[in-house]
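Input: a single structure, listed below in structure tokens.
The values are calculated or read from the model by the stated rules, or taken from the named source; none is laboratory data. No experiment lies behind these values; they were computed from the predicted model shown. Here the Cβ positions follow ideal geometry from the backbone for every residue, glycine too, while neighbour counts run over all protein chains shown. Only protein heavy atoms, including side chains, enter the accessible area calculation; ligands, DNA and RNA are left aside. Shrake-Rupley method; radii C 1.70, N 1.55, O 1.52, S 1.80 Å.
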Amino acid sequence: MAGPVETEIKLEMAGPEAARAVVARLGARLKSPRYFEDNLLLDDAAGSLRAAGTVLRLRRVPGGGVLTYKGTRLASAGMKSRLEQETAVADADVMQGILDRLGLRPVFRYQKYRETYDWRGQEIVVDETPIGTFLEVEGDEEGIHAAAKAMGFGPSDFLTDSYIGLFLASGGKGDMVFP
């Protein structure tokens, strides 16, 4: 299956103010001001998507939603790369009902506040989650390295796990939602 490949890293930050300060020093341009996201990972009763190393996510955002398919991880030096296909959804509740009728049920829910920036064609986001604040840098490998270096980070700082992986590694149980 051909399609766009998403390549990204995460960087753990001390908090949202520290993350914004790093992005401001970089001179990145704000694309989307802070907004709330509510994400559902879905799978069938047999866990077929998880077993295949793929993800189906329904994201609720102000004004609608986004349905995303993520393929298996691709070989990438110290970064997370995978096929990603997504489409806007006018009504996330209706889409969830359709997916439910197809036998796809929520298996994990996670929330975050996100703001998005652009720096030299690389997307940099500040994600405030229940387990901490992260900068996520997405783009091409050379650009990701350049952005990380300009922010004072190197490959040893790169996190390539998903938010569910980081949540479980931190001892989280259930869903990753704000109180």
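Numbers for the structure displayed
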read-out	value
Output for the range 148-167, where each listed residue is open to solvent by less than 30 Å² (accessible area, probe 1.4 Å) and either within 16 Å of Ala18 (Cα to Cα) or among the polar types (S, T, N, Q) (or both)	Ala148, Met151
Sole residue being buried (at least 18 other Cβ atoms within 10 Å of the Cβ) and either hydroxyl-bearing (Ser, Thr, Tyr) or at pLDDT 95 or above (or both), chosen from Glu86, Glu115	Glu115
Residue in the range 109-122 that is touching a residue at least 40 places away in the same chain (Cβ under 8 Å) and either more than 21 Å from Gly15 (Cα to Cα) or in contact with a Cys (Cβ under 6 Å, 6 or more places away or on another chain) (or both) present	yes
Members of the range 1-54 that are at pLDDT below 95 and more than 21 Å from Gln85 (Cα to Cα)	none
Residue within the range 15-28 that is of a type outside the set (D, E, K, R), under 19 Å from the mean Cα position of the chain (by Cα) and open to solvent by 70 Å² or more (accessible area, probe 1.4 Å) present	no
Boolean, Glu128 is open to solvent by 30 Å² or more (accessible area, probe 1.4 Å), in contact (Cβ under 8 Å) with a residue 24 or more places away in the chain, charged (D, E, K, R) and within 14 Å of Lys10 (Cα to Cα)	no
Tabulated pairs, the range 78-94, first on the phi > 0 side of the Ramachandran plot, second surrounded by fewer than 15 Cβ atoms within 10 Å (Cβ to Cβ), C-beta under 7 angstrom, 6+ apart or interchain	Gly78/Pro155
Pair list, Cβ < 7 Å and 6+ apart or interchain, from the range 141-163 residues that are in contact (Cβ under 8 Å) with a residue 40 or more places away in the chain to residues that are hydroxyl-bearing (Ser, Thr, Tyr) and loosely packed, with under 14 Cβ neighbours inside 10 Å	none
